[in-house]
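Remarks on the structure that follows.
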Amino acid sequence: MGILDWLKRQLRPKANTNSQATDLQAIFSESLAPSLSLPSHQDYPIVAIATQPSLSAYQVHCLLNNQDKQRLDALLKGSGFELAVSYDAPLSGILHHPHRQTKVFLHQYADFAGICVLLLTNDAELLSQLVSFKAAPPAPWESFPDVDPDTLGSLQGNIEFWCDAFWRPYWLSLGETERGQYPDNWCEFSEFH
């Protein structure tokens, strides 16, 4: 699923998605494209080139626990991007840097016992900090308190989206020692899915 397709689904009731896509293409034009060398292995959340080829930006799509979302907000503020809402309030908008032509598109909402974040930016300074920003999503049993991982076969719906978009990238970024800190049944679930 492309980033603009995901945005269209998220913003459908709130905005005209064609103008949203056009706006993002204008905001993240080639003339302001950052140059960033991404490491071959990154901690979660993963910084990647924007999946929409017409956007000259990098993206972070992640689920953060509340403490790490507050740390991300502090990082944005320290980089010159001011948020006008609390860390867990729904938001979809553009943050402008007061002294540079760079921008951040931030879409956030509360779900899965944490804060889902989609961040697009062309700010090289912020991106270099995001590459070394290590965070974590809520534990699986917090996101799905009524789910027994031993009973899960193929995934569908919310749990499939959570697993594909958030949990699997986090799990794959962990070393063996970090994975060993999770209960055996969630380790088996994570290795299987």
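The values are calculated or read from the model by the stated rules, or taken from the named source; none is laboratory data. What you see is a predicted model; the values in this text were computed from it and never measured. In this analysis, Cβ positions are derived from the backbone assuming ideal geometry, glycine residues included, and neighbour counts consider all displayed protein chains.
Points to keep in mind about this one:
- Any pair with Cβ under 6 angstrom, 6 or more apart, that starts in the range 78-97 at a residue that is within 19 Å of L64 (Cβ to Cβ) and touching a residue at least 12 places away in the same chain (Cβ under 8 Å) and ends at one that is exposed (fewer than 15 other Cβ atoms within 10 Å of the Cβ) and among the β-branched types (V, I, T): L91/V85
- Unmet criterion (only one of (1) under 16 Å from P45 (Cβ atoms); (2) surrounded by fewer than 18 Cβ atoms within 10 Å (Cβ to Cβ)) for F133: (2)
- Subset of the range 140-167 (residues that are over 17 Å from the mean Cα position of the chain (by Cα), outside any loop (DSSP other than H, G, I, E, B) and modelled with pLDDT under 95): P149, D150, T151, G157
- Tally of residues being touching a Phe, Trp or Tyr at 6+ places or on another chain (Cβ under 6 Å) and assigned to a loop (DSSP other than H, G, I, E, B) across the range 51-96: 4
- From the list Y182, Y170, the lone residue that is over 28 Å from L36 (Cα atoms) and either part of a helix (DSSP H, G or I) or not assigned by TED's automatic domain parsing to the domain that holds S35 (or both) is Y182.
- Qualifying residue in the range 97-109 (condition: modelled with pLDDT of 95 or more and out of contact with any strand residue (DSSP E or B) (no Cβ under 7 Å at 6 or more places or on another chain)): no
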